[in-house]
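The values are calculated or read from the model by the stated rules, or taken from the named source; none is laboratory data. Model, not experiment: these values are computed from the prediction. Here the Cβ positions follow ideal geometry from the backbone for every residue, glycine too, while neighbour counts run over all protein chains shown. Keep in mind that these areas ignore ligands, DNA and RNA; they rest on the heavy atoms of the full protein, side chains included. Shrake-Rupley method; radii C 1.70, N 1.55, O 1.52, S 1.80 Å.
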Amino acid sequence: ISHTYRHDLESFFYAFIWQCTRRDRGKEQPEGSLLTKWYTDSYRDMASTKRGHMYIDGVEDILEEIPPHFDRVNPLCRELREISRLFVRILEEPKALYGPMIEA
């Protein structure tokens, strides 16, 4: 698979979600965290887990891991998830993703 701008935007989204859930938690992931499967399985399994978490119910489960004092980012996370649904489509024009991500 050739690396494209879409992969960079998808990576940004996952890193953003990760940082939001880890806010003020130190080095340890909360016990029972859904994000543990983002880095402990095979690459194929990790990708499958991330795809599953990007569906409406899955992303809501992930957002529950954001500390309550930082949950004001939840609307932005939902908006970025909606935009990220474009990642699975082949888009010829980078602005089709860059524009909405930057605007959000």
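Observations, loosely collected:
- One residue stands out among those in segment 31-68 that are assigned to a loop (DSSP other than H, G, I, E, B), open to solvent by 40 Å² or more (accessible area, probe 1.4 Å) and more than 18 Å from SER84 (Cβ to Cβ): the one that is modelled with the lowest pLDDT, which is GLU31.
- Annotation note: Cβ proximity below 6 Å between a residue of segment 77-104 that is among the hydrophobic types (A, V, I, L, M, F, W, C) and assigned to a loop (DSSP other than H, G, I, E, B) and a residue that is open to solvent by 40 Å² or more (accessible area, probe 1.4 Å) and modelled with pLDDT of 70 or more (sequence gap 6+ or interchain) occurs for ALA104/GLU79.
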